[in-house]
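Report on one structure; see the data block that follows.
The values are calculated or read from the model by the stated rules, or taken from the named source; none is laboratory data. Computed from a prediction, not measured in an experiment: that's the story for all the values here. We place every Cβ from the backbone using ideal geometry, glycine too, and count neighbours over all the protein chains shown.
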Amino acid sequence: MDIDISGETFTIAEDAAAKRFTVTHEGKVIGLADYIDRETSADDTADGPVRMFTHTEVSPEWGGRGLAAKLVRYALETSAEAGLKFRTTCSYVQNFLAKNDEFDKFVA
């Protein structure tokens, strides 16, 4: 997915082999959201696999543009569309979920 911010184009995509979502600019990865897919555990509400988001970062020189929020939204939406529920150990994703209750039904 391409997004335009202040006249610059960024691409957000999933790199399933690396188990991460990335944001790139001019072909260079400048941000990522890592995940682990795992089976449901006793404390989950999911019936199937759960996607655990473990880490999110955007290179400091690209900070302040809202890229992390766009990256995380894309990662959550893509995961939900794939039928996955999710959890997180990443503080950024936790804060994002707290502010965006439309994802509540997908939290395992």
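Got a number for residues in the range 9-33 being out of contact with any strand residue (DSSP E or B) (no Cβ under 7 Å at 6 or more places or on another chain) and either of a type in the set (A, V, I, L, M, F, W, C) or in a strand (DSSP E or B) (or both)? Before the answer, list the steps.
Of the range 9-33, the ones out of contact with any strand residue (DSSP E or B) (no Cβ under 7 Å at 6 or more places or on another chain) are 16-18, 26-28.
The next check asks that each one be either of a type in the set (A, V, I, L, M, F, W, C) or in a strand (DSSP E or B) (or both); those that pass are 16-18, 28.
The qualifying residues number 4.
For residue 40, only one of the following conditions fails: (1) within 23 Å of residue 3 (Cα to Cα); (2) part of a loop (DSSP other than H, G, I, E, B). What is its number?
Going through the list (1) within 23 Å of residue 3 (Cα to Cα); (2) part of a loop (DSSP other than H, G, I, E, B), residue 40 breaks only (1).
With the requirement that a residue be touching a helix residue (DSSP H, G or I) at 6+ places or on another chain (Cβ under 8 Å), part of a loop (DSSP other than H, G, I, E, B) and either acidic (Asp, Glu) or under 22 Å from residue 48 (Cβ atoms) (or both), what does the range 83-108 give you?
84
Output the number of the condition that residue 76 fails; it satisfies all remaining conditions of (1) in contact with a Phe, Trp or Tyr (Cβ under 7 Å, 6 or more places away or on another chain); (2) outside any strand (DSSP E or B); (3) at pLDDT below 95; (4) of a type in the set (A, V, I, L, M, F, W, C).
Going through (1) in contact with a Phe, Trp or Tyr (Cβ under 7 Å, 6 or more places away or on another chain); (2) outside any strand (DSSP E or B); (3) at pLDDT below 95; (4) of a type in the set (A, V, I, L, M, F, W, C) one by one, residue 76 breaks only (3).
So which residues in the range 1-40 are out of contact with any Gly (no Cβ under 7 Å at 6 or more places or on another chain), within 12 Å of residue 86 (Cα to Cα) and either surrounded by fewer than 18 Cβ atoms within 10 Å (Cβ to Cβ) or at pLDDT below 95 (or both)?
36, 37, 38, 39
Conditions first: (1) of a type outside the set (A, V, I, L, M); (2) surrounded by fewer than 18 Cβ atoms within 10 Å (Cβ to Cβ); (3) in a helix (DSSP H, G or I). Residue 70 passes all but one, so which condition is the exception?
(2)
With (1) surrounded by fewer than 17 Cβ atoms within 10 Å (Cβ to Cβ); (2) modelled with pLDDT of 95 or more as the list, and residue 43 as the residue in question, which single condition is left unmet?
(2)
Looking at the range 52-63, I want the residues that are at pLDDT 95 or above and have a partner that is in a loop (DSSP other than H, G, I, E, B) with Cβ atoms under 7 Å, at least 6 apart or on another chain. Which pairs are those?
As it stands, the answer is 52/89; 53/90; 54/89; 54/90; 55/90; 56/90, since those pairs meet every condition given.
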